[in-house]
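The next block holds one structure in the form of structure tokens; read it before the comments.
The values are calculated or read from the model by the stated rules, or taken from the named source; none is laboratory data. Computed from a prediction, not measured in an experiment: that's the story for all the values here. Every residue, glycine as well, gets a Cβ built from its backbone with ideal geometry; the counts of neighbours run over all protein chains shown.
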Amino acid sequence: MSTAPANATSHAPETGTYQSPDGVAIAWELHRPVGEAKGLVVIAHGVAEHSGRYRHVADALVAAGYAVMIPDHRGHGRSGGARVFVKRFKEYVDDLHGVIGLAKSKVRASKVFLVGHSMGGLIALETVLAYPNAVDGLVLSSPGLGTAIAVPAWKDGLGKIMSKVWPGLAIPTGIPASVVSRDPAVVAAYESDPLVTKKATARWYTEFVAAQADANARALEVKMPLLVLAAGADKLTSTRAIERWFPQVASTDKTLMPYPALYHEVFNEPEKDVVIGDVVRWLDARSA
């Protein structure tokens, strides 16, 4: 998840849809800098949210000279598909890979970077595992490698059973908006945003858990430049899971950037300008 007010950008983004292999329309928006882009950044948002809530991040990256493509995952935002539902997690992965290819066809850039937040971080990880040559660098914000809140046994059991007999059953996420950010304006915007979904399906749950296990088991296969942003006060994603996973990553260019006091959505905390600045500096050092 990520939560920023859907503020208008300082530039008019190009918008469109990407037709997924199975016919789902994936909405996207492309933000371009003035002149030639020093690099291309594709952002994968978190569960139950949408691309519009990353426009402030796009604005900052565009100001720094980067082109930014942000899709809505299937079942999210303006994209097609049943809300927060996938038959297989790989549907997210293949959609994102297709959008990356589309972005490359639209923007001339020597370096391409993938930024993923929360579930989007897990999708980004699974994407580089499936398509290792798709991007040149990876930035993960509070990646969904583990959960900070234990799922009640009854809900876990219900999700597993219903994933087989009623996969589209929508179950409330139970995530209070207050845990996403310490900024009251962000919390209020999250609660009132009509494109933010408050439920997830049974099949989505089991596919998400399976993808977590896969990503954790394959850390040695991650060899590209990597930046991980870890929120020390995260009440949704397990920071300990991130810290266990990170040393196993095979990349020789990897950085774990801790923010001890920040909540889950580091891009939407009061210190967001510091966080985004850290990301820009990391990108600049690898796109020169």
Out of segment 57-71, which residues are closer than 16 Å to SER287 by Cβ and assigned to a helix (DSSP H, G or I)? ALA60, LEU61, VAL62, ALA63
Between a residue in segment 50-62 that is touching a residue at least 60 places away in the same chain (Cβ under 8 Å) and among the basic types (Lys, Arg) and any residue that is assigned to a helix (DSSP H, G or I) and crowded, with 22+ Cβ neighbours inside 10 Å, which pairs come within a Cβ distance under 8 Å, given they are 6 or more apart or on different chains? ARG53/ASN268
Could you name every one of the strands (runs of 3 or more DSSP E) located completely within segment 96-208 that has at least 1 residues being at pLDDT below 95 and either more than 30 Å from LYS38 (Cα to Cα) or within 18 Å of the chain's Cα centre (by Cα) (or both)? 170-172, 199-201
Which members of segment 170-188 meet the condition of being hydroxyl-bearing (Ser, Thr, Tyr) and surrounded by fewer than 18 Cβ atoms within 10 Å (Cβ to Cβ)? THR173, SER178
Among the residues of segment 81-95 satisfying the criterion of being in contact (Cβ under 8 Å) with a residue 60 or more places away in the chain and not basic (Lys, Arg), which is surrounded by the most Cβ atoms within 10 Å (Cβ to Cβ)? ASP95
Positions within segment 226-281 being under 20 Å from THR127 (Cα atoms), touching an Asp or Glu at 6+ places or on another chain (Cβ under 8 Å) and part of a loop (DSSP other than H, G, I, E, B), in sequence order: ALA250
Kindly indicate whether any position in segment 31-46 is charged (D, E, K, R), surrounded by 23 or more Cβ atoms within 10 Å (Cβ to Cβ) and out of contact with any strand residue (DSSP E or B) (no Cβ under 7 Å at 6 or more places or on another chain). no
The lone exception for ARG74 - which of (1) among the charged types (D, E, K, R); (2) in contact (Cβ under 8 Å) with a residue 60 or more places away in the chain; (3) part of a loop (DSSP other than H, G, I, E, B) it fails: (2)
Restricting attention to segment 189-218, report how many residues are over 16 Å from VAL47 (Cβ atoms) and either buried (at least 22 other Cβ atoms within 10 Å of the Cβ) or in contact with a Lys or Arg (Cβ under 9 Å, 6 or more places away or on another chain) (or both). 2
Candidate set: segment 77-95, residues that are under 25 Å from LEU220 (Cα atoms) and either among the aromatic types (Phe, Trp, Tyr) or not in a helix (DSSP H, G or I) (or both); chosen: the one nearest to the chain's Cα centre (by Cα): TYR92
Those residues of segment 56-73 which are over 13 Å from the mean Cα position of the chain (by Cα) and buried (at least 24 other Cβ atoms within 10 Å of the Cβ), in sequence order: ALA58, LEU61, TYR66, ALA67, VAL68
If ASP156 satisfies every condition in (1) surrounded by fewer than 17 Cβ atoms within 10 Å (Cβ to Cβ); (2) touching a Lys or Arg at 6+ places or on another chain (Cβ under 7 Å) but one, which is the exception? (2)
Matching residues in segment 119-153 - criterion: being closer than 19 Å to ARG203 by Cβ and either touching a Cys at 6+ places or on another chain (Cβ under 8 Å) or buried (at least 24 other Cβ atoms within 10 Å of the Cβ) (or both): MET119, GLY120, LEU122, ILE123, GLY144
Take segment 41-56 and flag every residue that is aliphatic (A, V, I, L, M) and either farther than 22 Å from PHE85 by Cβ or part of a helix (DSSP H, G or I) (or both). VAL41, VAL42
